[in-house]
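Structure, as structure tokens:
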Amino acid sequence: MKKVITYGSYDHLHQGHINLLKRAKELGDFLIVGVTSENFDIIRGKINTDQSLIERMKAVEDLGIADLVIPEEYEGQKIDDIKRYGVDIFAIGSDWTGYFDYLKEYCTVTYLPRTEGISSTMLRSKNVLRIGIAGSDPSMLKLKRESKFVNGCAVNDIYLTNKFDKVINDLNKVNSFDDLLKNNDAIYLACKTSEKYDYAMRAMREGKHLIIDTPIADSYEKANEILNYAEEHNLKVFDSIKTAYALAFERLILLVKAGKIGSVSSIDATCTSLEMYDWLKDTNFATSFTAWGPFGLLPVFKILGLNYTDYRFDTIDNSEMKDIFTKLTLRYPNAVANVNVGVGVKSESDLRICGTKGFIYIPSPWWKTDYFEMRFEDAQNNKRYFYKLDGEGIRMELVEFIHSVIKDRPNFNIERDITLGIAKMIENYNNK
Ligand code: CTP
């Protein structure tokens, strides 16, 4: 019996897929179809299929052409599958010509003609979410870069809320915030924290969803109003802390919650950077604490919660800038947390979560988490974890945002009370 194998995402199954599967089947007696899982698609840079793996596998099965449908979950799996199933022919569309020649060592490799004029991308593109950028924080330009890896969104327009020195090549500069609102479905807001509330309310009154660079406002009350308005009008507001979308960070929180290091007694989160942007010298825009504080607070609030009993700020100023370093200590009934942040000051920017059985260590720069270690008294029990992180977390944040808007589901990565807790701490800092 001649066995044939082929692979694909099969998102919104279409005639091109059907033609290819029929051609592949004709090459032999038994057809195996590998359907790529979401995680594997991310590795391939083909992020955000509309349909889940289960839906896509079911659609292929229902056609009745394939004899066996399997998920494709890891790099190198094709070689394993070919050996395991005794495959004679590997077949794939001509858009991949040459790419899979390395499999010739294991079986015959055939590139089949592709059907012109149809693709999953075309079918998905009907639902493109247009996201406009408003702000003057240089990091906002990363959104355009990362959006190219994500299906279902387009980032084309930018409105500069303040003076901006960086060159903008690949975005269309619009002259007013109203123009930005007119041509977009959602807004990414990266302006001065003190201005966020006004821009956010203006955008939401026009029915726009929002991603707001953290913190979403400089007081609890304003943040609460933004979130309430969004909920009442069925709009999505994402507090943009990219760390929350890093798979390694998500997994380490789950390990802590599952009690793997016992009861948590202390958390030390340090975030420092030497790069001193001019805009950081403008304390209306940001200080070390407003720039970095939310990142440090994220693991603290996720793990220890918001019921701290006391807090204390220690801030160091220098002649150039207010707040080049801040140490925030949060006291909980059974734990203590230190958030150390600095701009223009350098330290080892790591994260330590200490428990009664062991501790978790994430090396610098921990907010771009892709690796962490769980360490115990007996070193033989130590474990290391690695999860690939693409685009500093921004890519996955975009995927979550699009799903949240299209599928009308909440933000699972940053809960409402954490966003409010962060805004509250920014308010405490400003009032200190
Ligand atoms: N295919 C084809 N003709 C098309 C589209 C896809 O023959 N018009 C083939 C591909 O070459 C591949 C298989 O179908 O062998 C699965 O491809 P997949 O990547 O799932 O489909 P696309 O429509 O190309 O997806 P996308 O637009 O996301 O790239």
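Kindly list, by first and then second residue, each pair from a residue in the range 74-99 that is closer than 12 Å to K3 by Cα to a residue that is within 11 Å of the ligand (Cβ to nearest atom) and of a type in the set (A, V, I, L, M), limited to pairs with Cβ atoms under 6 Å and residues at least 6 apart or on different chains.
Taking only residues 6 or more apart or on different chains, the pairs are A91/A24; A91/L112.
Which residue, of K432, K407, is open to solvent by 70 Å² or more (accessible area, probe 1.4 Å) and under 23 Å from the mean Cα position of the chain (by Cα)?
Just one listed residue meets the conditions, K407.
Looking only at helices (runs of 4 or more DSSP H) that lie completely in the range 1-102, which have at least 1 residues being of a type in the set (K, R) and away from the ligand (no atom under 14 Å from the Cβ)?
53-63, 77-85
Kindly indicate which of Y199, Y188 is away from the ligand (no atom under 16 Å from the Cβ), touching a residue at least 40 places away in the same chain (Cβ under 8 Å) and closer than 20 Å to I406 by Cβ.
Of Y199, Y188, the one residue that is away from the ligand (no atom under 16 Å from the Cβ), touching a residue at least 40 places away in the same chain (Cβ under 8 Å) and closer than 20 Å to I406 by Cβ is Y188.
Being touching a His at 6+ places or on another chain (Cβ under 6 Å) and modelled with pLDDT under 90 is the filter here; which residues of the range 405-419 pass it?
Answer for the range 405-419, where residues must be touching a His at 6+ places or on another chain (Cβ under 6 Å) and modelled with pLDDT under 90: there is none.
So how many residues does the range 134-169 have that are within 16 Å of the ligand (Cβ to nearest atom), more than 20 Å from I241 (Cα to Cα) and either modelled with pLDDT of 90 or more or of a type in the set (A, V, I, L, M, F, W, C) (or both)?
1
Could you tell me whether the range 146-154 includes any residue that is open to solvent by 40 Å² or more (accessible area, probe 1.4 Å) and either on the phi > 0 side of the Ramachandran plot or of a type in the set (S, T, Y) (or both)?
no
If only one of G342, G355 is more than 19 Å from P294 (Cβ to Cβ) and out of contact with any Asp or Glu (no Cβ under 8 Å at 6 or more places or on another chain), which one is it?
Exactly one residue qualifies, and that residue is G355.
Pull up the range 412-429, narrow it to residues that are assigned to a loop (DSSP other than H, G, I, E, B) and surrounded by fewer than 21 Cβ atoms within 10 Å (Cβ to Cβ), then point me to the one that is nearest to the chain's Cα centre (by Cα).
F412
Looking at R114, R124 in this structure, which one is closer than 23 Å to E26 by Cα, in contact (Cβ under 8 Å) with a residue 40 or more places away in the chain and within 15 Å of the ligand (Cβ to nearest atom)?
Unique residue meeting the criteria: R114.
Within the range 385-402, is there a residue that is without any contact (Cβ under 8 Å) to a residue 40 or more places away in the chain and either under 16 Å from the mean Cα position of the chain (by Cα) or farther than 25 Å from N224 by Cα (or both)?
The answer is no; no qualifying residue exists.
Looking only at the range 161-185, count every residue that is closer than 30 Å to K407 by Cα and open to solvent by less than 30 Å² (accessible area, probe 1.4 Å) and tell me the total.
6
Which is touching an Asp or Glu at 6+ places or on another chain (Cβ under 6 Å) and modelled with pLDDT under 95, of I402, I394?
After ruling out the rest, the residue left standing is I394.
Residue by residue, here is whether (1) more than 30 Å from N172 (Cα to Cα); (2) of a type in the set (D, E, K, R); (3) under 31 Å from the mean Cα position of the chain (by Cα) holds:
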residue	(1), (2), (3)
L53	yes, no, yes
D67	yes, yes, no
I82	yes, no, no
W96	yes, no, yes
L103	yes, no, no
V128	no, no, yes
D137	no, yes, yes
N151	no, no, yes
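The values are calculated or read from the model by the stated rules, or taken from the named source; none is laboratory data. For clarity, every value in this text was computed on a predicted model and none was experimentally measured. Glycine also receives a Cβ, built like all others from the backbone with ideal geometry; neighbour counts cover every protein chain displayed. Side chains included, ligands, DNA and RNA excluded: accessible areas come from the protein's heavy atoms. Shrake-Rupley method; radii C 1.70, N 1.55, O 1.52, S 1.80 Å.
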